[in-house]
Amino acid sequence: MILWQLFLSYLKIGFFGFGGGYAMLSLIQNEVVVQHAWMTNAQFADIVAVSQITPGPIAINSATYVGYTVGMQLGHPVYGMLGSVIATLAVCLPSLTLMILVARFFMRLKNNRLVEGAMRGMRPVVIGMIAAAALLLIFPRSDAPGDRNFIDGWSWMLFGAVLVGSWRKVNPILLICLSAAAGIVIYGLF
C-alpha cells in the first residue's frame, strides 16, 4: 500500500512539477512531509542537500532517496531499492510522455500566441515555487515533535558566505566542498 501511495505521489509531482527540480521541492515536501508524514522536515532537508551535491537533476535524485527511505519503512533493503525505483520512474514518467508528445508538435506551435502566453504566464509561478521551497525548508509547517527548524546561527553564516562567494563567481564545486568542511568542523566540534 505504501509503495502504491509513493508511486501516486511521485506521479502527481511529475505531472505538476513545472519549472524543474527546485520548483518541485515544495510539491515533494508537501507530499512526503505534510500529506503522508513519511519523514520529518529535517530528514527532507538532508535529502535535499544530498540531492543537490550528487550529479543529476535534484528532483530525480530526491525521488530516489525518498523512495529508498519510504521503502525501508517496510523493513527490508529490497523494499528500499523497490521504493527508489518506483519513485524515480513515477517522477520521470509524466515528463517523458509529455516530451515525446510536445516534441512532435512544438515546432508547429512555438510561435502560437496561446502557447507563448502560457509559457510567459508560468515563469512567475516557477519563481514563486522555488521561493516557497526555500521558505518551507527554513520555516517548516509541520507541528510534529522533533520537526523543528534546522536553520541555526551557523547555518545563516554559511548561507551568507556561500551567497557572497556565488555573487563573486567562486566555483560552485569549491563552495560545496568548503561548506561540507565547515559543517564537519562546526557541527562535529560544537
Need the full-extension length gain, His76 to Ala118, defined as separation in residues times 0.36 nm minus the C-alpha distance. One decimal, nm.
10.6 nm
Return the single residue from Lys169, Lys12, Lys110 with maximal mean-square fluctuation; model: Gaussian network over the chain, springs between Cα atoms under 10 Å.
Lys169
Taking R0 as 45 Å and r as the Cβ-Cβ distance between Ala182 and Leu8, the FRET efficiency 1/(1 + (r/R0)^6), rounded to the nearest 0.05, comes to 0.70
Farthest toward the dipole's positive end in the chain, which of Ala45, Val115, Pro94, given Cβ charges of +1 (Lys, Arg) and -1 (Asp, Glu) about the Cα centre?
Val115
Relative to the Cα centre, what is the charge dipole magnitude of the chain, using +1 at the beta carbon of each Lys and Arg, -1 at the beta carbon of each Asp and Glu, and rounding to the nearest 20 debye?
880 debye
Run the numbers on segment 2-146 and let me know its relative contact order in percent, using alpha-carbon pairs under 8 Å that are six or more apart.
34 percent
Which of the DSSP-defined H helices in the chain satisfy a minimum axial length of 24 Å, computed from C-alpha atoms, and a minimum mean Kyte-Doolittle hydropathy of 1.6?
77-109, 172-189
With Cα springs under 10 Å, the Gaussian network model of the chain assigns the largest mean-square fluctuation among Leu89, Leu101, Leu25 to Leu101
Say the dipole of segment 64-190 comes from +1 at the beta carbon of Lys and Arg and -1 at that of Asp and Glu; which of Gln73, Ala103, Leu136 then lies farthest toward its positive end?
Ala103
Pairs of alpha carbons in the chain whose separation is greater than 22 Å (percent)
54 percent
May I ask you to derive the relative contact order of segment 1-65, considering only C-alpha pairs under 8 Å and at least 6 residues apart, and to give it as an integer percent?
27 percent
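Where a number appears in this text, it was derived from the coordinates with a stated rule and is not lab data. The model shown is predicted, which means the values in this text are computed figures rather than measured ones. A quick note on method: Cβ atoms are made from the backbone with ideal geometry, for glycine too, and the neighbour counts reach across all protein chains shown.
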